[in-house]
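Quick note: the coordinates plus some simple rules give every number you see, no bench work behind them. If you're wondering where the values come from, they're calculated on a predicted model, not measured in any experiment. Note that each Cβ is placed from the backbone with ideal geometry, even for glycine, and that neighbours are counted across all protein chains shown.
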Amino acid sequence: MRIRALVAGLFGLALIATDASAQPVHYGDGGPRGLNGSTYTTGRVPGGDYPGERWDQVRRRGPGGALVFRDPRFQNRLLPCDDSIALERIRETFAEKEERFWNSPLTIAGFDRVRVVSTNPWGQNNIPRRYCTGRALLSDGRVRPVSFAILEDQGIIGSTWGVEWCVHGLDRGRSFDPACRMARP
């Protein structure tokens, strides 16, 4: 899968470099403008919901590049805190970490009282993130607080959302010291 993506990316770059028929983007085409209409910037309107957006991509990057290369702008699309997919990812990575690094059979049996703490606390120009907190019921019967953040495009190779989490009292590697403070806003 990665090799296919790499080959497609290189093919797109070759098309861009050798495509003499590629036309420059015209600013009178109804698309969003940046810096008083003089250049395109990363501050363009997110979502690409203007007439001719798809053809702008083809003109700028060539046919292969428009399919392979993503738009670098963040869309501010984040999962809700209580989404089962995000909580399952926390559950799986916690069990893997405990087993591989700490030789412990400890797992998370379930979550409750999951709620939002803050969304984008440092403004809109940073990576969109949603900070959440909740309680985790562990396999040993104890209930511990868990702090986590859902981040846009911070998953594997930036293709999907990512989750950073910390179970209070079980941050043995001290990744989020002191006392999971670095996992909160």
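Given all pairs of different Cα atoms, what value in angstroms does the Kirkwood hydrodynamic radius of the stretch 84-183 take? Provide the component values of the computation, followed by the final result.
Numbers: mean 1/r = 0.0711 Å⁻¹.
Taking every pair of different Cα atoms in the stretch 84-183, averaging 1/r and inverting gives 14.1 Å.
Report the charge-dipole magnitude of the stretch 84-183 in Debye, nearest 20, computed about the Cα centre from +1 at each Lys and Arg Cβ and -1 at each Asp and Glu Cβ. All intermediate terms of the calculation are to be shown ahead of the outcome.
On the way: 14 positive and 12 negative charges, 68 e Å.
Roughly 320 debye, rounded to the nearest 20.
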